[in-house]
Amino acid sequence: MTSNKIAIFGAGYVGLTTAVLLANSNNKVTLIETNPSRLKVLRAGKSFFYEQGIDELLGQALRNKSLVLTDDSIPILGSQDIIFSCVGTPSNADGSCNLAYVFSVAKTIAEHAKPETVFVQKSTVPVGTGGKTDIIFKSFGNNLHYVSNPEFLREGTAVQDSLWFDRVVVGGDNKRANQKVLDLYRSIESNRNRLAAISGLSEVPDIVSKYILTNRNSAELIKVTANAFLALKISFANSIAKLADHSGADVNEVMDAVGADSRIGRAFLDAGRGYGGGCFPKDVSGLISSAEEYGVDMPIMAAATSVNDSMPGYIANKAQEAMGTLTGKRVAVLGLSFKAGTSDARKSPGVKLANILHSSGAIVTTYDPHANGEAKEELKRSIAVCKSTADAVKGVDAVFITTSWPEFLGIDLKELAGKMSGSLFYDAVNCFNPSDVEQSGLQYLGVGRS
Ligand code: UDX
C-alpha cells in the first residue's frame, strides 16, 4: 500500500483517532491543533480524553515519527496528498450547526494546498455543505476535490469502532479522489491486527466492513440520519417506558422481545435517563434546522428531543413521589459522563439530573470514575463532587445510578445499603436486577420497570 502525506485539522475524538490509525498504517500524518493546552498534552504522548488504546497508538506514531503535531498548517499544506477536516461543528443558539471552523479551514486549504489535493470532510455538517465549500475553493481558483466521509465512531470505543467499522461511506464528484479515500480505509483494515495489538484491544468483533460509495449530498445526509434514527429509537423506548411505568409492564422485557424481531433489532432501545453527549443532541437539532432551511418540517425529531429533555425531570419526579419530598433529602448521583467508557460530560443526563435534584431542594453528592473534572463546571456550585462511590453514598437517602460504569454495576448492594441512611436505589440506566436490589434491603426504582 502506498504511503500518503496526510494533514488532519482538529485533534478532537475524530481527528485524533483518525490521525493515530493512519499514522500507524504506513502514512505520514501531520495533525494540526490550535488549542495550546491540548497540543501540549498530545506532545507528551497523551490524549486529552479517556479512550482505550489511543495513548498507545499515539505514543507509537510519535516514536516512529509517522505523526507530527503542529499548530501551524501553512508551511505543510502545499505538500499534502490528502487533507482531512475534523474540526468542531458546535450548535448555534437556535440549534443550527455552526460552520465557522469548517469554512475557515476550507479557506486556508483553498489558499495553500496544491491543486488536485483531496479534501476530506469528516466533520459532521449539514447536507449541502460540500456545495458551499466548492464555491470557496473555486473563489480561490483552486481545483481541490471535495469528498464527504462521515464518521460513525462512538466515544469510549473510538479505536475499536475505527478498526472494526461496519461501513465506510464516501461521496464526492471525483472518482480518483473517492478511490484514494476508500484505499486509506482498506489500509487500516489490512493493518487491523497489528493496530489492535499496539492499542491492546483483544476483542475481535465478527464484522464484514462495507465500503459504500454515494453522491456527495447523500454521504453528508447519511451521518446525521444515522444519529437521528438512533436518537429516535432511544426516545421511542423512553416513551414506552413511561407507559410501562403506568401499566405494570417492564420495558426491558418489552424491548428484548420487540428487538428480537430482526426487522427492528435490540440496539439503542435501552430506556433510562435519555441520551447526551457531543453528537445526538447536536445532530438532532442540526437536522431539524437544516431541514427547515430546505422548507421541510421534521416534527418527528422535535418529538424525540422533547421526550429526551423530559427524562431527568421525570426521574426526579418519581423519586419525589417515592420519598414524599426531595427538600432536605440527601441524594447521591453516580455517573457524570454522558455514558460509561468516556470522560466526556457534555450534555450529560447525570449532570442534568443532579442539577434538577438540587433545584428541588435535595442535598446532592456526585461521583464519576473519569468525568469528575469535566462535569464540575456544569454542576451547580453547591453540589459536592466526591472522590469515590463510598464518599458519595455515605448517609444518603437515595442513590441514582446514571451511567453503567463497571464500578457501579459491580457495586456490593448489601454494603451500599449499610452505608446509606435511606433505602431508595434509582437505577436510571435499567441495568440492575430489581430482585437483587430488593434482597439487599433497598427499594428499587427503574425507568419503565414498575
Ligand atoms: C454516537 C453514535 O453512536 C456514533 O455512531 C456517532 O459517530 C457519534 O454519536 P456517542 O455519542 O459516542 O456516539 O455515544 P452512543 O454510544 O451512541 O450513546 C449516545 C447516548 O445515548 C448516550 O448518552 C447513551 O447512554 C445513550 N443511549 C444509548 C441510551 O440512552 N440508550 C441506548 O439504548 C443507547
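Read-outs throughout are calculated quantities, based only on the coordinates presented, and are distinct from any laboratory measurement. Just so you know, these numbers come straight off a predicted model, no measurement behind them. Neighbour counts are summed over all protein chains in view; Cβ atoms, including those assigned to glycine, are modelled from backbone coordinates with ideal geometry.
Explain nothing, just compute: Karplus ³J(HN,Hα) = 6.51 cos²θ - 1.76 cosθ + 1.60, θ = phi - 60°, for every residue of the range 436-441 in order, whole Hz, x for Gly and Pro.
Here the 3J(HN,Hα) series is 4, 5, 5, 5, 8, x Hz.
In nm, to one decimal, how far is the modelled label at ARG154 from the one at SER209, with both set 7 Å along Cα→Cβ?
Each label point lies 7 Å from its Cα, and together they span 1.9 nm.
Can you tell me which aspartates and glutamates have their Cα less than 17 Å from the Cα of LYS380? Leave out same-chain residues fewer than eight positions away.
The qualifying aspartates and glutamates are ASP368.
What is the distance in Å between the Cα centroid of the range 216-241 and that of the range 379-436?
With the range 216-241 and the range 379-436 each reduced to a Cα centre, they are spaced 31 Å.
Can you classify the range 362-404 as rounded, prolate or oblate using the Cα gyration tensor, where a ≥ b ≥ c are the square roots of its eigenvalues, rounded means a/c under 1.5, and otherwise it's prolate if a/b beats b/c and oblate if not?
The shape class here is oblate.
Starting from the Cα-Cα distance between GLU293 and ASP173, subtract it from 0.36 nm times their residue separation and give me the gain in nm to one decimal. Could the numbers behind the result be given before it?
On the way: separation 120, 0.36 × 120 = 43.20 nm, distance 2.37 nm.
Here the segment from GLU293 to ASP173 would lengthen by 40.8 nm.
What does the net charge come to around VAL127 if you take all other residues with beta carbon closer than 13 Å to its beta carbon, with K and R at +1 and D and E at -1?
Net of charged neighbours comes to -1.
Mind putting a number on the dipole of the range 1-156 about its Cα centre? Charges go on the C-beta only, +1 for Lys and Arg and -1 for Asp and Glu, and I need it in Debye to the nearest 20.
For the range 1-156, the charge dipole is close to 280 debye.
If each residue of separation counts as 0.36 nm, what is the full-extension length gain between ASN143 and ALA303 once their alpha-carbon separation is subtracted?
In short, 53.3 nm is gained.
Mind checking which of GLY172, ALA93, VAL331 is farthest towards the positive end of the chain's charge dipole, using Cβ charges of +1 (Lys, Arg) and -1 (Asp, Glu) about the Cα centre?
Value: GLY172.
Using only Cα atoms, tell me the angle between helix 13-23 and the longest principal axis of the chain; keep it within 0 to 90° and round to the nearest 10.
Long axis of 13-23 versus the principal axis of the chain: about 50 degrees.
With each run of n ≥ 4 DSSP H residues scored as -39500 (n - 2.57), what mean residue ellipticity at 222 nm is computed for the chain after dividing by its residue count and rounding to the nearest 500 deg cm²/dmol? Spell out each step's value before the answer.
Working: 19 runs with 206 residues, N = 450.
Value at 222 nm, helices only, nearest 500: -14000 deg cm²/dmol.
Got a sec? Which residues in the range 179-214 would a label at VAL68 touch, if it sits 7 Å along Cα→Cβ and we count backbone N under 19 Å?
Once the point is set 7 Å along Cα→Cβ of VAL68, nothing inside the range 179-214 turns out to lie under 19 Å by backbone N.
Can you find, among ALA237, ASN149, GLN60, the residue farthest towards the positive end of the dipole of the chain? Put +1 on the C-beta of Lys and Arg, -1 on that of Asp and Glu.
Value computed over the given set: GLN60.
Relative to the first principal axis of the alpha-carbon coordinates of the chain, what is the inclination of helix 349-359, with its axis defined by its Cα atoms, in degrees from 0 to 90 and to the nearest 10?
Taking the Cα atoms of the chain, the angle to 349-359 is about 40 degrees.
Which trypsin sites (Lys or Arg not before Pro) in the range 21-100 pass both tests, a DSSP loop state and at most 13 other beta-carbon atoms within 10 Å?
Hits after loop and neighbour filter: LYS46, LYS65.
Dipole size in debye (nearest 20) for the chain around its Cα centre, Lys and Arg Cβ +1, Asp and Glu Cβ -1?
Magnitude of the dipole: close to 1020 debye.
Positive end of the charge dipole of the range 1-53 (Lys, Arg +1 and Asp, Glu -1 on Cβ, about the Cα centre): tell me which of ALA23, ALA11, SER37 has its Cα farthest that way.
Working it through, the farthest residue towards the positive pole turns out to be SER37.
How many angstrom lie between the C-alpha centres of the range 342-369 and the range 107-185?
Cα centroid to Cα centroid, the span is 37 Å.
Please label the shape of the range 297-450 as rounded, prolate or oblate, based on the square roots a ≥ b ≥ c of the eigenvalues of the alpha-carbon gyration tensor (a/c under 1.5 means rounded; beyond that, a/b larger than b/c means prolate, else oblate).
Numbers: a/c = 1.43, a/b = 1.27, b/c = 1.13.
Rounded.
If you keep only loop residues by DSSP, which GluC sites (Glu not before Pro) in the range 116-214 have at most 13 other Cβ atoms within 10 Å of their Cβ? Intermediate results must be reported in sequence, preceding the final value.
On the way: sites: GLU116, GLU151, GLU155, GLU189, GLU203; in loops: GLU116, GLU151, GLU155, GLU203.
Answer by residue number: GLU116, GLU203.
Placing unit charges on C-beta atoms (Lys and Arg positive, Asp and Glu negative, everything else neutral), compute the dipole magnitude of the range 141-258 about its Cα centre in debye, rounded to 20.
700
Where is the GNM fluctuation largest for the chain (alpha-carbon springs, 10 angstrom cutoff): GLY286, GLY350, GLY395?
Evaluated over the chain, the most mobile residue of the options is GLY395.
Can you pull out the GluC sites (Glu not before Pro) in the range 351-450 whose DSSP state is coil and whose Cβ has at most 12 other Cβ atoms within 10 Å?
For GluC sites (Glu not before Pro) across the range 351-450 that sit outside H, G, I, E and B with at most 12 neighbouring Cβ atoms in 10 Å, the list reads GLU377.
What pairs from LYS65/LYS223; LYS5/LYS114; LYS329/LYS394; LYS107/LYS132; LYS242/LYS376; LYS114/LYS180 go past 21 Å between their alpha carbons?
Long pairs (Cα-Cα over 21 Å): LYS65/LYS223; LYS242/LYS376.
Given a Förster distance of 45 Å, report the FRET efficiency between SER435 and SER37 from their Cβ-Cβ distance, rounded to the nearest 0.05.
0.40
With an 8 Å cut-off on Cα pairs and a minimum separation of 6 or more residues, tell me the relative contact order of the chain in percent. Write out the running numbers ahead of the final one.
Values: 912 pairs, mean separation 55.7, N = 450.
Answer for the chain is 12 percent.
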